[in-house]
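**Student:** Have a look at this one.
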Amino acid sequence: MTIAPASLAFLDQGLAPDGPARFDLVVLPVFTDERPLTGLAGFFDWRLAGALSAMLRRQLCTGASGEQVLTVSRKTACAVRLVTVGLGARATFDDAAAARAGEQILGLCQTLVGETVAVGVPGGRRGHAAARRLLAHLLAAHEAAQAAPGHAGSQLWIVAAPEAVEILTAPA
C-alpha cells in the first residue's frame, strides 16, 4: 500500500514513473452531508466537469452508508472505472463505520478485479480524523486479505489531499 498526494497531475498522468499511469479502478468515498465533494472525489468531479456532482443532484448516488455506484471515467482521467462508496454522514463516521467502509472497499477491489487500485480518502475542511480512521481500517483489511491463502491481491494506492499525506503517514 502506498500513500500519494491527490493533484491535477495525478488525474492527468497517474503516478508514473512511481506507479501506474492508469488505474483499473478508483474508489471515491463520499459523505452524504459534504458538498462540494472534497479530496480525490473533488478533483475527479472538477476534471469531469461536475459529472459526479450531477449524479448526486439527480440522486443517482447519495453517499448513504454502504452505497456503491460504478461509473466509467472519461479519457481525461487516470482511471478506467470509478466507484463512489457512501460513507453516510461525516458526524456519524466512527470506527465501526470506517471498518465497514474499509472491508467494502477491499471487497470491491476483489469483485471488480482491479489489479491497480487508487482509493481516495476523505479530505475537507473538518480535519483529517475521518481520513485517518478509514486509512487504519483499510490497512488492517488489506493486510488480512494479503495473508489469505490463494489471494492474488491488488496494488493499492491511497490518495489523499497533499496536506493530509504528511499527517496520514506520521505516527498517530
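The values are calculated or read from the model by the stated rules, or taken from the named source; none is laboratory data. These figures come from a predicted structure and were not determined experimentally. Cβ atoms come from the backbone with ideal geometry, glycine included; neighbour counts cover every protein chain shown. For the accessible areas, the whole protein counts, side chains as well, though only heavy atoms, and no ligand, DNA or RNA atoms are used. Shrake-Rupley method; radii C 1.70, N 1.55, O 1.52, S 1.80 Å.
**Student:** Under 5 Å between amide H atoms, partner at least 5 residues away or on a different chain: which partners does residue 79 have, H built in plane at 1.01 Å?
**Tutor:** 23
**Student:** Full-extension gain between residue 80 and residue 96, please, as 0.36 nm times their residue separation minus the C-alpha to C-alpha distance. Write down the numbers at each step before the final one.
**Tutor:** Details: separation 16, 0.36 × 16 = 5.76 nm, distance 3.04 nm.
Difference between extended and current length: 2.7 nm.
**Student:** Next question. Kindly state, to the nearest 0.05, the FRET efficiency for residue 22 paired with residue 60, given R0 = 22 Å and r defined as their beta-carbon distance. Kindly include the intermediate steps, with their values, before the conclusion.
**Tutor:** Numbers: r = 25 Å, r/R0 = 1.12.
Here the calculated transfer efficiency is 0.35.
**Student:** To continue, here is another question. Can you give the local net charge around residue 24? Use residues other than it whose beta-carbon is closer than 9 angstrom to its beta-carbon, Lys and Arg +1, Asp and Glu -1.
**Tutor:** Around residue 24, the surrounding residues sum to +1.
**Student:** Would you mind getting me the FRET efficiency between residue 70 and residue 8? Use the beta-carbon distance for r and R0 = 22 Å, nearest 0.05.
**Tutor:** Between residue 70 and residue 8 the formula returns 0.40.
**Student:** Rounded to whole Hz and in sequence order, give me ³J(HN,Hα) for region 47-63 from the Karplus expression 6.51 cos²θ - 1.76 cosθ + 1.60, θ = phi - 60°, writing x for Gly and Pro.
**Tutor:** Those phi angles translate into 5, 9, 6, x, 4, 5, 4, 5, 4, 5, 4, 7, 6, 6, 8, 10, x Hz.
**Student:** For residue 56, what is the net charge nearby, where nearby means another residue's Cβ is under 12 Å from its Cβ and Lys, Arg count +1, Asp, Glu -1?
**Tutor:** -1
**Student:** Just add up the charged neighbours of residue 112: K/R +1, D/E -1, any other residue whose Cβ is under 14 Å from the Cβ of residue 112. Kindly include the intermediate steps, with their values, before the conclusion.
**Tutor:** Values: positive: 81; negative: 24, 115.
Computed value for this residue: -1.
**Student:** If amide H atoms are built 1.01 Å from N in the plane of the peptide, which residues on other chains or at least 5 residues away come under 5 Å of the amide H of residue 128?
**Tutor:** none
**Student:** Specify which labelled value, from (1) 20.8; (2) 9.1; (3) 13.0, agrees with mean projected area of the Cα convex hull in nm² derived from the coordinates of the model shown.
**Tutor:** Of the labelled values, this structure produces (2).
**Student:** Using unit Cβ charges (K, R positive; D, E negative) and no other charged atoms, how large, in debye to the nearest 20, is the dipole of the chain about its Cα centre? Walk me through the intermediate numbers first.
**Tutor:** Numbers: 14 positive and 14 negative charges, 112 e Å.
My answer is approximately 540 debye.
**Student:** Moving on. Taking only protein heavy atoms into account and a 1.4 Å probe, give the accessible area per residue of the chain in Å². Can you show the working numbers first?
**Tutor:** Working: 8100 Å² over 172 residues.
Here the per-residue accessible area is 47 Å².
**Student:** Would you calculate the separation in nanometres between label points at residue 113 and residue 163, each defined as 7 Å from the Cα along the Cα-to-beta-carbon direction?
**Tutor:** Result for the modelled spin labels: 4.2 nm.
**Student:** From the phi angles alone, apply the Karplus equation (6.51, -1.76, 1.60; θ = phi - 60°) to region 3-10 and give each ³J(HN,Hα) in whole Hz, x where the residue is Gly or Pro.
**Tutor:** After applying 6.51 cos²θ - 1.76 cosθ + 1.60, I find 9, 9, x, 6, 6, 5, 4, 4 Hz.
**Student:** Pop out the ³J(HN,Hα) list for region 138-147 in order, Karplus 6.51 cos²θ - 1.76 cosθ + 1.60 with θ = phi - 60°, rounded to Hz; leave Gly and Pro as x.
**Tutor:** Result, ordered by residue: 5, 4, 4, 5, 5, 5, 5, 5, 5, 7 Hz.
**Student:** Give me, ordered by chain and number, the residues 5 or more places off residue 4 or on other chains with an amide H under 5 Å from its own placed amide H.
**Tutor:** 158, 159, 160
**Student:** I would also like to ask the following. Which value in nm describes the separation of the simple spin-label points at residue 140 and residue 49, placed 7 Å from the Cα toward the beta carbon?
**Tutor:** 4.3 nm
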